[in-house]
Amino acid sequence: MAKRPTRGKCVHCLNDDVERTWDHVFPVSWYPDSTPRHLEKWKVPSCADCNHALGKLEEATLQPLALCLDPFAPASASVVEKNLRSMRSSAGKDERDKAKREANRHRLLDSMLEGEDIPLDGVYPGLGERWSRPRDEQSAVLIPAASFQRLADKIVRGTVYWLDQRFIEPPYSVNFYAVEDENAGEVRDLLKRAGKTYSQGPGITVTRAVVPEDGPSSVLQIELWGGQVKMFAVVSQDA
């Protein structure tokens with residue numbers, strides 16, 4: 001097991017000379033069981049506060065998000081199953097664990113939307129209706145847009161540090177975009193032309209194109225669970 005990182009700067013909040021621990025760029029729970037066992041999962045130094053807060057965000061986001069994934073695809077099947085089990089009280093190890101699982105289930109059910117209550121313009125790209133059901137038979141789960149923004153920021157900062165040992169500091173910042181495939185042609189062409197792809201197994205892929213001679217300036221496409229969820233991000237200087 002890797003030693004605890006020394007005191008220094010946190011990849012996420014950029015606070016300096018702090019006690020640090022290892023933070024997985026992509027949460028372990030996001031990797032499908034089809035991930036090769038020998039794969040080195042990316043880890044970066046983070047302060048305990050950021051690691052704890054981001055861990056809670058990742059868990060809370062995965063619970064509804066996993067219900068939108070393909071339960072049969074190798075890149076997501078085990079993620080869906082484990083998430084469903086996390087809301088099944090009968091799978092609890094003890095009474096406290098059973099209560100937590102039951103609370104997870106009720107929290108998710110309380111947030112669900114049905115039929116006409118589902119906004120037409122609020123569906124994350126690629127996660128719309130899969131089975132061609134009429135609108136009144138559809139269900140949807142709520143995931144705050146801010147959650148995607150924060151997760152993209154976290155993943156990009158971790159990716160840049162892992163690949164370049166570089167912090168994203170002012171005047172540079174991360175901007176996140178959720179784009180439909182048909183509207184991402186120019187970005188995909190750029191990434192195909194100038195990008196380099198990094199695989200974290202069948203479930204996670206990052207493609208990055210770096211602006212030459214400009215430090216961290218870059219464009220990234222993050223594909224999760226075989227591309228079922230895509231995030232686009234740009235690292236650039238603030239205007």
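For the stretch 152-173: of the residues being outside any loop (DSSP other than H, G, I, E, B) and of a type in the set (D, E, K, R), which is surrounded by the most Cβ atoms within 10 Å (Cβ to Cβ)?
Result: Arg157.
Looking at this structure, is Asp189 in a helix (DSSP H, G or I), of a type in the set (Asp, Glu) and surrounded by fewer than 19 Cβ atoms within 10 Å (Cβ to Cβ)?
For Asp189, the condition - in a helix (DSSP H, G or I), of a type in the set (Asp, Glu) and surrounded by fewer than 19 Cβ atoms within 10 Å (Cβ to Cβ) - is met.
Each row is one residue, and each column tells you yes or no for (1) more than 27 Å from Ser76 (Cα to Cα); (2) out of contact with any Asp or Glu (no Cβ under 8 Å at 6 or more places or on another chain).
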site	(1), (2)
Arg130	no, no
Arg135	no, no
Phe148	no, yes
Asp164	yes, yes
Gly201	no, yes
Val206	no, no
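It is to be established whether one or more residues within the stretch 50-61 are touching a helix residue (DSSP H, G or I) at 6+ places or on another chain (Cβ under 8 Å), touching a residue at least 40 places away in the same chain (Cβ under 8 Å) and within 18 Å of Ser34 (Cα to Cα).
No, the conditions are met nowhere in the stretch 50-61.
When both residues are 6+ apart or on different chains and their Cβ atoms are under 7 Å apart, which pairs have a first residue that lies in the stretch 160-184 and is under 15 Å from Ile222 (Cα atoms) and not assigned by TED's automatic domain parsing to the domain that holds Asp121, and a second that is basic (Lys, Arg) and surrounded by 14 or more Cβ atoms within 10 Å (Cβ to Cβ)?
From the stretch 160-184, the pairs are Val160/Arg166; Val174/Arg157.
Residue pairs, Cβ under 9 Å, 6 or more apart or interchain, first in the stretch 97-117 and more than 16 Å from Pro64 (Cβ to Cβ), second of a type in the set (A, V, I, L, M, F, W, C). List them.
Once the first residue is more than 16 Å from Pro64 (Cβ to Cβ) and sits in the stretch 97-117, its partners that are of a type in the set (A, V, I, L, M, F, W, C) give Asp97/Ala91; Lys98/Ala91; Glu102/Met87.
For (1) over 25 Å from Met112 (Cβ atoms); (2) modelled with pLDDT of 95 or more, each residue gets a yes or a no:
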residue: His24; (1), (2): yes, yes
residue: Ser29; (1), (2): no, no
residue: Ser46; (1), (2): yes, yes
residue: Gly55; (1), (2): no, yes
residue: Ala60; (1), (2): no, no
residue: Leu65; (1), (2): no, no
residue: Cys68; (1), (2): no, no
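Please go through the stretch 13-50 and give me each residue that is out of contact with any Gly (no Cβ under 8 Å at 6 or more places or on another chain) and over 19 Å from Gln200 (Cβ atoms), ordered by number.
Cys13, Leu14, Asn15, Glu19, Thr21, Cys47, Ala48, Asp49, Cys50
Please pick out the residue among Phe72, Phe26 that is assigned to a loop (DSSP other than H, G, I, E, B), of a type in the set (Phe, Trp, Tyr) and touching a residue at least 40 places away in the same chain (Cβ under 8 Å).
Exactly one residue qualifies, and that residue is Phe26.
State yes or no: is Phe148 within 20 Å of the chain's Cα centre (by Cα), surrounded by 14 or more Cβ atoms within 10 Å (Cβ to Cβ), modelled with pLDDT of 90 or more and assigned to a loop (DSSP other than H, G, I, E, B)?
When the stated conditions are applied, Phe148 does not pass them.
Would you say Phe176 is in a helix (DSSP H, G or I), in contact with a strand residue (DSSP E or B) (Cβ under 7 Å, 6 or more places away or on another chain) and surrounded by 15 or more Cβ atoms within 10 Å (Cβ to Cβ)?
For Phe176, the condition - in a helix (DSSP H, G or I), in contact with a strand residue (DSSP E or B) (Cβ under 7 Å, 6 or more places away or on another chain) and surrounded by 15 or more Cβ atoms within 10 Å (Cβ to Cβ) - is not met.
Kindly check whether there is at least one residue in the stretch 37-49 that is of a type outside the set (S, T, N, Q), in a loop (DSSP other than H, G, I, E, B), farther than 30 Å from Gly8 by Cα and not assigned by TED's automatic domain parsing to the domain that holds Glu182.
The answer is yes, given that some residue of the stretch 37-49 is of a type outside the set (S, T, N, Q), in a loop (DSSP other than H, G, I, E, B), farther than 30 Å from Gly8 by Cα and not assigned by TED's automatic domain parsing to the domain that holds Glu182.
How many residues does the stretch 90-139 hold that are outside any helix (DSSP H, G or I) and either more than 24 Å from the chain's Cα centre (by Cα) or among the hydroxyl-bearing types (Ser, Thr, Tyr) (or both)?
Of the residues in the stretch 90-139, 11 are outside any helix (DSSP H, G or I) and either more than 24 Å from the chain's Cα centre (by Cα) or among the hydroxyl-bearing types (Ser, Thr, Tyr) (or both).
The values are calculated or read from the model by the stated rules, or taken from the named source; none is laboratory data. None of the values given here were measured: they were computed from a predicted structure. Backbone-built Cβ (ideal geometry, glycine too); neighbour counts: all protein chains shown.
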